[in-house]
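Below is one structure, written out as structure tokens; comments come after it.
The values are calculated or read from the model by the stated rules, or taken from the named source; none is laboratory data. Bear in mind that the values here come from a model prediction, so they are computed numbers and not experimental data. A quick note on method: Cβ atoms are made from the backbone with ideal geometry, for glycine too, and the neighbour counts reach across all protein chains shown. These area figures cover heavy atoms from the full protein model, side chains too; ligands, DNA and RNA do not enter into them. Shrake-Rupley method; radii C 1.70, N 1.55, O 1.52, S 1.80 Å.
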Amino acid sequence: MIEKKPLTGLTSKELSALATVLGAPGEYGYVIAKWIYRKRAKSLSEINDLPKRILKELEQEGYEISNAIGIDSFPGTDGSTRYLLTNPNGQYYESVFMDNGKRKTLCVSSQSGCRMGCRFCMTGSIGFMGNLDTSSIVDQVLVVPESKSINRLVIMGMGEPFDNYDAIEKALEIFTANWGLALGKANITLSTVGIANKLEPFLSKQPCNLAISLHSPFPEERAMLMPVENSSPIERVIDILKRYPLKKPVRLSFEYVALSGINTSEEHAKAIAALLKGLKYHLNIIPWNEHPAAQFNKPEKEELYRFTSWLNQNGVLWTIRHSKGNETGAACGQMAGKWQSTS
Ligand code: SAH
Ligand code: SF4
């Protein structure tokens, strides 16, 4: 049996090379890219402006548009839907569609599971089932039913994108290219714990907005919450961010999971301001989303109010982001690649 090979995840250039190998003009690659990424064709038979012979040959060589297998969907009552997908490698991964009126966002996974082991994160507790290839990353945007309406992407699903940098870099090319999904780079945000040696290549290209997971301004406390602090200290990350500032239209933000009684004191607010001084940024506070793998508490309104007042006093611009998808296990840090609904 011929092994099935997905065309999603290939760039226009790679599709051209493939066309050439089949003895067709290289320009056909651009036409195929347009059908896959712009018109969201589901099968080769939909392509009606190329010779049938070429499409047949592609099929005979084992090519198909996508090899993602949608397992299940879990709609919430807040306009979000969690999708559970799998690929022929047997990896499970999740995507979440969030409908905010004009803003239609898909939260995309970069890995199956994660090996960063952050203490407050469900994905961190389930272990690591491998990197997703570019095809499985890009597929998420193409196979969900809302595909054509999506105008924003956040790479904040399962996994650490900088731990799968090459595949993510290529996916970002496909997301933003004219022959690809043609999304604006300011409409895509990649969230990372900040792996220093991947930060420089990212910042020299600036392919989309960058969100750094901060969670504590104190290195010792951060290391307790996020083991990556030991190999890639936040101070080094900030030093690199200062040397390669993000330029318009892309923006820098920091994410801060608010953990009751742990990282919401006046000292924290002061230290955040001091640590991030000299950078242009916004702080996104995410009240901790509960899950059974960790024993933190979500702060009450009063605790958040006090913390944000101290941030104001120290000149930090912030927003509280309440995660969507909480009831379906789709909110930040709850993704576990589950079969069954958690609601
Ligand atoms: N691995 C990347 C991106 C995925 S997680 C990263 O860590 O940045 C997206 C965001 O959700 C991160 O800021 C992460 O720290 C946060 N997060 C993880 N678990 C959470 C939880 N239980 N509640 C709220 N936010 C959480
Ligand atoms: Fe991985 Fe991000 Fe969860 Fe940390 S917070 S374990 S990096 S998915």
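Just a few scattered comments:
- Test for Glu61: is it farther than 20 Å from Pro161 by Cα, away from ligand 1 (no atom under 16 Å from the Cβ), modelled with pLDDT of 95 or more and surrounded by fewer than 16 Cβ atoms within 10 Å (Cβ to Cβ): no
- If you go through region 114-127 and pick out every residue that is within 9 Å of ligand 2 (Cβ to nearest atom), outside any helix (DSSP H, G or I) and more than 13 Å from the chain's Cα centre (by Cα), you end up with 7.
- Highlighted here are the strands (runs of 3 or more DSSP E) found entirely within region 245-331 that include at least 3 residues which are in contact with a strand residue (DSSP E or B) (Cβ under 9 Å, 6 or more places away or on another chain), open to solvent by less than 40 Å² (accessible area, probe 1.4 Å) and of a type in the set (A, V, I, L, M): 252-258, 282-287.
- Set Gln334, Gln295: member being touching a His at 6+ places or on another chain (Cβ under 7 Å) and under 23 Å from Ala223 (Cα atoms): Gln334
Residue-wise test of (1) closer than 30 Å to Ser204 by Cβ; (2) surrounded by fewer than 20 Cβ atoms within 10 Å (Cβ to Cβ); (3) in contact (Cβ under 8 Å) with a residue 40 or more places away in the chain.
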| position | (1), (2), (3) |
| --- | --- |
| Ala68 | no, no, yes |
| Phe74 | no, no, yes |
| Arg103 | yes, yes, yes |
| Thr134 | yes, no, yes |
| Ser149 | no, yes, yes |
| Arg152 | yes, yes, yes |
| Phe162 | yes, no, yes |
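- Ser109, sole failed condition from (1) in a strand (DSSP E or B); (2) open to solvent by less than 20 Å² (accessible area, probe 1.4 Å); (3) within 16 Å of ligand 2 (Cβ to nearest atom): (1)
- Matching entry among Ala41, Ala19 (being at negative phi, assigned to a helix (DSSP H, G or I) and either surrounded by 14 or more Cβ atoms within 10 Å (Cβ to Cβ) or over 20 Å from the mean Cα position of the chain (by Cα) (or both)): Ala19
- Every pair of residues 6+ apart whose Cβ atoms lie under 9 Å, when the first sits in region 178-202 and is part of a loop (DSSP other than H, G, I, E, B) while the second is aromatic (Phe, Trp, Tyr) and within 16 Å of ligand 2 (Cβ to nearest atom): Val193/Phe162; Gly194/Phe162; Ile195/Phe162; Ile195/Tyr165
- Residue check for Ile188: aliphatic (A, V, I, L, M), surrounded by 20 or more Cβ atoms within 10 Å (Cβ to Cβ) and away from ligand 2 (no atom under 16 Å from the Cβ): yes
- Within region 210-228, the residues that satisfy the criterion of being within 13 Å of ligand 1 (Cβ to nearest atom), crowded, with 20+ Cβ neighbours inside 10 Å and not in a helix (DSSP H, G or I) are Leu210, Ala211, Ile212, Ser213, Leu214, His215, Ser216, Met226.
- Qualifying positions in region 140-168 - in a helix (DSSP H, G or I), more than 17 Å from Cys114 (Cα to Cα) and over 12 Å from the mean Cα position of the chain (by Cα): Leu142, Val143, Ser147, Lys148, Ser149
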